[in-house]
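Engineer: Dumping the structure here so I can ask a few things about it.
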Amino acid sequence: MRSDDAINVPETSKRRTLLPTGQRRVLIVTATVAAVAYAAVRRRSHRAVGVVADPCGPEGLLMPEGDHRTLITDDGARLATLVVGPSGGPTVVLAHCWMGGMSLWGAVARRLVESGCRVVLWDQRGHGDSTLGDEAPNIARLGDDLLRSSST
């Protein structure tokens, strides 16, 4: 290859720096200081929060002692029911969510019993220890189950 065949590189494709050296140093120092400050604030905020105790207390979801009953409905469903607390206290009925069970209410039931309430808990049809029965569950049937459970 001859010297007059050499490829000329245009000025625009030569490597250019975005910032002059002095400005790059300032940017790097500023970013480092910001990262250290962020880490310090984050560490301090974690220390301030500390370890949060279990809101259910040391007993967790442990159910209070009570009277376990099985209610049998007219369509053959067996509803597992637990009645806890003094019989003369105001009655509170705790219904669990879909795919839940009465044990979700353990901590709440304990607090209600401690405050003098009678608490009724039950596993809804097809949940926990309760069976579905012969009919498919519907709103009217679930309402009847609530009424039957609350009157125990």
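Engineer: If we keep just the residues of region 116-147 that are small (Gly, Ala, Ser) and under 26 Å from the mean Cα position of the chain (by Cα), which is surrounded by the most Cβ atoms within 10 Å (Cβ to Cβ)?
Structural biologist: Filtering first and then ranking leaves Ser130.
Engineer: Tell me which of these His68 doesn't satisfy, since it passes every other one: (1) surrounded by 16 or more Cβ atoms within 10 Å (Cβ to Cβ); (2) assigned to a strand (DSSP E or B).
Structural biologist: So the condition that His68 fails would be (1).
Engineer: I'd like the residue in region 71-93 that is in contact (Cβ under 8 Å) with a residue 60 or more places away in the chain and outside any strand (DSSP E or B) and, out of all such residues, is surrounded by the most Cβ atoms within 10 Å (Cβ to Cβ).
Structural biologist: Among residues in region 71-93 that are in contact (Cβ under 8 Å) with a residue 60 or more places away in the chain and outside any strand (DSSP E or B), the one surrounded by the most Cβ atoms within 10 Å (Cβ to Cβ) is Ala77.
Engineer: Identify the single condition in (1) in contact (Cβ under 8 Å) with a residue 12 or more places away in the chain; (2) in the same structural domain as Ala140 (by TED's automatic domain parsing) that Gly60 does not satisfy, given that it satisfies every other one.
Structural biologist: Going through (1) in contact (Cβ under 8 Å) with a residue 12 or more places away in the chain; (2) in the same structural domain as Ala140 (by TED's automatic domain parsing) one by one, Gly60 breaks only (2).
The values are calculated or read from the model by the stated rules, or taken from the named source; none is laboratory data. The model shown is predicted, which means the values in this text are computed figures rather than measured ones. Positions of Cβ are generated from backbone atoms using ideal geometry, with glycine treated the same way; all protein chains shown enter the neighbour counts.
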